[in-house]
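Down below is the structure, laid out as structure tokens.
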Amino acid sequence: MAYRDKAEVDRSYVRCMKILMAGDGYPMIASHDPRMVAIAGRLAADAGRPADGYEYQMLYGIRDFEQVRIAGEGNRMRVYVPYGDEWYGYFMRRLAERPANVAFFARSVLSRG
């Protein structure tokens with residue numbers, strides 16, 4: 001099923017995070033959404049996961065300050081850099097998935113001025 005409404009997508013993402021955090025695997029939370037990042041942290045704490053028992057993932061250049069904050073709190077933070085022949089298409093699809101990503105990226109680029 002493909003969810004179209006942001007609220008439906010968010011609820012589904014949280015349901016998935018709950019399952020992953022409660023399981024035996026190694027959850028990798030890929031989101032730039034501050035609310036999802038906060039929920040992931042609470043779910044990890046509720047499940048008794050240590051900081052090295054899961055990780056956050058974000059794209060390079062989007063919400064750099066949040067990446068530094070997450071890592072500074074002792075959490076694992078993986079930063080992805082699109083590269084290769086198809087990097088531009090990949091990057092544009094990620095931006096198109098969520099319009100707020102464009103604003104995150106633009107602020108990051110402009111603040112490096």
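For segment 1-27, a tally of residues being outside any helix (DSSP H, G or I) and either under 17 Å from the mean Cα position of the chain (by Cα) or at pLDDT below 95 (or both) returns 7.
In the set (1) within 10 Å of the chain's Cα centre (by Cα); (2) more than 25 Å from Y88 (Cα to Cα); (3) of a type in the set (D, E, K, R), D52 fails one condition alone, (1). Against the conditions (1) modelled with pLDDT of 95 or more; (2) surrounded by 11 or more Cβ atoms within 10 Å (Cβ to Cβ); (3) part of a loop (DSSP other than H, G, I, E, B), G48 satisfies every one except (2).
Checked against (1) farther than 23 Å from S12 by Cβ; (2) part of a helix (DSSP H, G or I); (3) aliphatic (A, V, I, L, M), V79 passes all but condition (2). Against the test of being closer than 20 Å to D33 by Cα and touching a Pro at 6+ places or on another chain (Cβ under 6 Å), the options Y54, Y80 yield a single qualifying residue, Y54. Restricting V37, V102 to those that are under 18 Å from K6 (Cα atoms), surrounded by 11 or more Cβ atoms within 10 Å (Cβ to Cβ) and at pLDDT below 85 reduces the list to V102.
Just to be sure before I move on: is A71 at pLDDT 65 or above and under 15 Å from G61 (Cα atoms) in the structure I sent? Spell out the reasoning first.
Working: at pLDDT 65 or above: yes; under 15 Å from G61 (Cα atoms): no.
It is false that A71 is at pLDDT 65 or above and under 15 Å from G61 (Cα atoms).
The values are calculated or read from the model by the stated rules, or taken from the named source; none is laboratory data. Only a predicted model underlies this, so the values are computations on that prediction, with no experimental measurement involved. Cβ: placed from backbone, ideal geometry, glycine included. Neighbour counts: every protein chain shown.
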